[in-house]
Every structure is written in C-alpha cells, then in structure tokens.
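Notes for the one structure printed next.
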Amino acid sequence: MDASPLIYDLAIIGGGINGCGIARDAAGRGWSVLLSEQNDLGSGTSSASTKLIHGGLRYLEHHEFRLVREALMEREVLWSIAPHIIWPLRFVLPYHEKLRRRWMLRLGLFLYDHIGGRRKLPKTRVVDLTRDVTGEPLKSEFTTGFEYSDCWVEDSRLVVLNAMAAAELGATIIPRRRCISAEPQGSLWHVVLEDEQTGDKTAFHARALVNAAGPWVGEVAQTVLHHNEQAPLRLVQGSHIIVPKLYDHPGCYIFQNADDRIFFVIPYERDFTLIGTTDQDYKGDPASVRASADEVAYLCRSASAYLRIPVTPEKVVWTYSGVRPLYDESGDTAAQAATRDYVLKLDAGDGMPPLLSVFGGKITTYRRLAESALAQLAPHLPAGTKRSAGWTGKTPLPGGDFPMRGFEAQLASARMRYPFLAEAHLRRLLRAYGTRMEAILAGASSMSDLGTVYGADLTEAELRYLVRAEWAFGAPDVLWRRSKLGLRLSHAEAVHVDEALQRILAAREPAAAG
C-alpha cells in the first residue's frame, strides 16, 4: 500500500448512475476525482430499471410535482446528449372504468404535457382502441385510450458513458475495488480500497467524500464510515419479466391495477416484450435480489387482465430485479407510494472533511442530482477551473455527437460506409455506441476483419473495444450490461465469450482507469 497517498478533490463510493453522473460533472468543472465501485459499473440498481426516461405519471397522484416537473424537463435534455441510447416512445393508457376516473386521467396528462417544457415530444391524444393498431392486442372491453410521450434509455450504458466521459476529463475510475475504510485525517479523508480478487489495497486522500452506494448506502455509512446514526432508508424491490414479443407495433402500454399500482408493457430488443415493475419492501443483501415466483405470477396475471392472449409464467425467458434505496422518514406508506425523489445529506461540521450521502433518485434526474450534489460540495472544494454548472446538459455523452440530425440519418450514413454488415447488426452497434462505433469498425471491409464471431453478431473486435474502453471484465458485463445479447447466446457461447475476455485481459495492460 502506497506510503504517501495521492490527494483528490473528490472521492466517490459507488459506480451507479448517481456516482458516475457526479464524477462526470465534477471532472468537467476541473476537480480531481476518483470513483470506486465494488463490482462492475452499473451492476446494481442502475441496470435494473424499467429503461425509461420519464416524468413519472403516477407520482402526480402523490403530489410529487417538483420531482415530476424536473424529470419531464430532463427528458429532452438527455435525449439531445445521448441520441444513440435514448429515443422517444409513445405510451397508451387504456381507460378502465372501474379504476381511475376519466377526468382524473385527462387532468394528469394535461399536467404531464404542460409543466415540463415539452418541445419535441408529441403531445397527448385520445385513441379509439377499436380502430387504432394499439387496440389490437387488448381485450375488447378497452375501447378508449390516452396516448402520451416519454423516452427509452439503455440504463446500464448510460452509466458507462458517464464514466467514460469522466475518465476522458481526467477522473480515475476504478471498478471492482471495494472501499473498506474511510476515516477523517485532519481536513482530509483517508480512503482505502481493496481488490477482492487479489487482496491488494490502495490508499489515497480526498478533500470531500460522496457516499453514492445506492442500496448499500446505509451499509457503507455503518461499516466503512462508522456512523452510528441510522438513516431512514427504505429498500424497495422492483422486478421485471421478459417474454417473447406480444405484438408487432412499436407502441408501449401503461396499465393500471386494482391495487393502485401501475406497470408497463414495452417492446424489447426487437423480439421480446418487457413487463414491469413490481414494488415491495426488501430485506437482505441487495446483491441477492431475484424476482420471486409470486412477482412473476403477479406480472403475468396483471398483463393478462388487459391482453387478449394471456401471459403465463411458462412464457418468461428472463427476469431481472433491482433494489431502490428510498429515503422514507414516515415508513407507514405502501412501497409504491414512497417518494422516488432524491435526498442529499451533507455532513461538514465540527472541523470534519465534508461527506455527502445520496439517497433515492430516478435515473431520469441523475444529472440534476449531480448538479445539486456539487452545489453543496463546491464551498468545501478548491475553485473550479473549467466549466460552470449546467454544462452536462449541453455536451454530448460519448458517441452522442451525431454529425447528422437524427438516428436514422446517422444509420443511413453508416450503411454506406459498412455495407458488409447486416442491418440488424449495424443498427445494434449504432444504438449501443453511436459515433464510437467507428472505434470497433475502423479499417474493416468485411466481417472477417472483425475477428471471431462468438454468437449472435458479437465479434472479437467488439470485445476488444469493451475491454479497452468500457472496463468489461467478464461475460455478464458484456452480455447483460453493455448489451442484452445474453438473450440470444447459449450457455456454451457465453462461456466462450468469458474465455475470450480473459485472453484479451491477460494480453494487455489494464486501461480506462482515468
């Protein structure tokens, strides 16, 4: 362990969307940053969302107007800086006469259209489900629907792109290093990280510390920071199921349940449909969260109440679950009613170096959370030397600097440059990497130039890029977070991917560390 540790302006514990968003913003403003993550980037809650950039229509019922307005304002901002991984969707909300009243739905959607500064996204419209294509998969009793706009996001890729941007601005990003100790030493934090595979330890100092450990924020506070005060943290499990494609049109649905919950049905990865999410309190290690048989049955039963063709547990091809770390001082509400707003707690008294703890938050508002976090920390840090607050909403994320307007125009240009690629392969690469796709395909004039194909359209060239630029280490990093190709590869093919990654890693020096 280094006898004279480096000094960073800011150390961040947690490589989810909030930690990586703060790292990007802070590095862009000129502060020196180190971010550590105990596992892969985005491997916890940030890769287990419903993949939406949305205002949260149901939060209006709980009078979360500030949260909804901020989230609605962020939709088009995030779309503009990451047009490869974020794009518009249209959602149909069928009118159910036994649940929320028609006037209530109209009022909620009117507010949804007008309080968030919508400019490019289409407005709400009433849909005749007996005539519109979106009515075809539904049972005949649903004759009227309300169609509105939100956006899709590749959530785990959003995390990685923020980490990449931070590293390119000078931040040090260290996945797979667990923070085992953080203690005040005068005006600085003394932080120790441990590589759980090798046991190697790394020490450094930081002027300020951010606990952005997501559902582990309480555990970090107690075991790493040795805080005795218990934060009002509520862990809520959300599970999703993936089934073969249920319908052919590109629209999505938001369905109401008699238990006051809502859930979504969304086209997924061309050949599948995503259904989710559940909301239930969770106890235990967040790393062990799994969709229960009851949750799977609940989602199947709920979807079948609306769809002509029933969804049954036997049709489920994959499930995923995450744990949301919600700040809930009351603790007496239903899990779905607990606030999704973020709460930032700054402890900077008694001559101690500042500690900022992050609770809650939605993936949609991660950028605004980062701005709020740095507004609290800035008085305790050296003066920023580069950009001012707000820059992250104007500068594209890696791959988002499209020279031509719109994804389809970019795709047409790529098609001309790489005619040897199948349309689905080219579209997937552009959706995942945007303009950074060139780093994978540069110099290639045939598929053979991209090396071994490990299944579906995953090539050796792509694996090498993911190791070199995106901290990929094992097959799950590639097949379930950098992509969703795990849905298309066999177990044997996934093993071959992992073996190839280990060969690539063994043959090169560690990269993408900052």
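Where both residues lie in the chain, what percent of DSSP beta bridges are antiparallel, nearest 5?
On the way: 62 of 82 bridges.
If I count the DSSP bridges inside the chain, around 75 percent turn out antiparallel.
For the range 253-350, just say rounded, prolate or oblate: build the C-alpha gyration tensor, square-root its eigenvalues into a ≥ b ≥ c, call rounded for a/c under 1.5, and beyond that prolate if a/b exceeds b/c, oblate if not. It would help to have the intermediate numbers written out before the result.
Numbers: a/c = 2.33, a/b = 1.99, b/c = 1.17.
The shape class here is prolate.
At R0 = 30 Å, how high is the FRET efficiency between R119 and R308 if r is their beta carbon distance? Nearest 0.05 is fine. Present the calculation step by step, with values, prior to reporting the outcome.
Numbers: r = 36 Å, r/R0 = 1.22.
E(calc), rounded to 0.05, equals 0.25.
For the range 407-506, what is the charge dipole size about the Cα centre, in debye to the nearest 20, if Lys and Arg each add +1 at the Cβ and Asp and Glu each add -1 at the Cβ? All intermediate terms of the calculation are to be shown ahead of the outcome.
Working: 13 positive and 12 negative charges, 56 e Å.
With Lys and Arg at +1 and Asp and Glu at -1, about 280 debye.
Express in whole angstrom the spacing between the alpha-carbon centres of the range 279-323 and the range 66-99.
Result: 23 Å between the Cα centres.
Extension gain K139-A442, at 0.36 nm per residue separation less the Cα-Cα distance, in nm? Before the final figure, lay out the partial values.
Working: separation 303, 0.36 × 303 = 109.08 nm, distance 4.96 nm.
Going from the current span to full extension adds 104.1 nm.
Suppose every K and R has +1 on its Cβ and every D and E has -1 on its Cβ; what is the size of the dipole of the range 371-451 about the Cα centre, in Debye to the nearest 20?
Values: 10 positive and 6 negative charges, 25 e Å.
Its charge dipole is roughly 120 debye.
Using a Cα-Cα cut-off of under 22 Å, which lysines could be cross-linked to K386, ignoring same-chain neighbours fewer than 8 residues away?
Output for K386: K394.
So if I place +1 on the C-beta of Lys and Arg and -1 on the C-beta of Asp and Glu, and nothing else carries charge, what would the dipole magnitude of the chain be about its Cα centre? I want it in debye, nearest 20. Kindly include the intermediate steps, with their values, before the conclusion.
Working: 59 positive and 60 negative charges, 346 e Å.
That gives a dipole near 1660 debye.
Over all pairs of distinct alpha carbons, what does the Kirkwood formula give as the hydrodynamic radius of the range 1-127, in Å?
Numbers: mean 1/r = 0.0563 Å⁻¹.
This gives a value of 17.8 Å.
Which three semi-axes in whole Å describe the equivalent ellipsoid of the range 407-506, each the square root of 5 times a Cα gyration tensor eigenvalue, listed largest first? Intermediate results must be reported in sequence, preceding the final value.
Details: eigenvalues 100, 37, 33 Å².
Value: 22, 14, 13 Å, ordered largest first.
Out of V243, P94, L188, whose Cα points farthest toward the positive end of the dipole of the chain (charges: +1 Lys, Arg; -1 Asp, Glu; placed on Cβ)?
After comparing all options, I get P94.
For the chain, would you read off the P(r) tail past 31 Å as a percentage of all alpha carbon pairs?
On the way: 60414 of 131841 pairs.
Result for the distance tail: 46 percent.
Provide the three semi-axes, in whole Å and in decreasing order, of the ellipsoid equivalent to the range 125-189 as defined by the square roots of 5 times the Cα gyration tensor eigenvalues. Kindly include the intermediate steps, with their values, before the conclusion.
Working: eigenvalues 534, 44, 28 Å².
They are 52, 15, 12 Å, listed largest first.
For the pairs K315/K362; K315/K484; K245/K283; K139/K484, note any where the Cα-Cα span goes beyond 24 Å. Each step should come with its number before you reach the end.
Working: K315/K362 30 Å; K315/K484 18 Å; K245/K283 33 Å; K139/K484 31 Å.
Among K315/K362; K315/K484; K245/K283; K139/K484, the Cα-Cα distance tops 24 Å for K315/K362; K245/K283; K139/K484.
At a Förster distance of 41 Å, what's the computed FRET efficiency of M352 paired with R290, Cβ-Cβ distance as r, to 0.05? Mind dumping the intermediate values first?
Working: r = 39 Å, r/R0 = 0.95.
Efficiency for this residue pair is about 0.55.
Can you give the FRET efficiency to the nearest 0.05 for E219 and W318, using r as the Cβ-Cβ distance and R₀ = 35 Å?
Values: r = 28 Å, r/R0 = 0.80.
Efficiency, rounded to the nearest 0.05: 0.80.
Quick one: Kirkwood hydrodynamic radius for the range 117-270, alpha-carbon pairs, angstrom, one decimal?
Values: mean 1/r = 0.0480 Å⁻¹.
About 20.8 Å for the range 117-270.
For the charge dipole of the range 407-506, defined by +1 on Lys and Arg C-beta atoms and -1 on Asp and Glu C-beta atoms about the Cα centroid, which residue among A472, S445, Y433 has the Cα displaced farthest towards the positive pole?
Y433
Note the full-extension length gain between M104 and R66 as 0.36 nm times their separation in residues minus their Cα-Cα distance, in nm to one decimal.
Working: separation 38, 0.36 × 38 = 13.68 nm, distance 1.92 nm.
Computed gain between M104 and R66 is 11.8 nm.
Between E97 and K386, what is the label-to-label distance in nm when each label sits 7 Å out along the Cα-to-Cβ direction?
According to this spin-label approximation, the distance is 6.0 nm.
Here, each number is a calculation from the coordinates, and none is a lab measurement. In this text, all values refer to a predicted model and were calculated from it rather than measured experimentally. Neighbour counts are summed over all protein chains in view; Cβ atoms, including those assigned to glycine, are modelled from backbone coordinates with ideal geometry.
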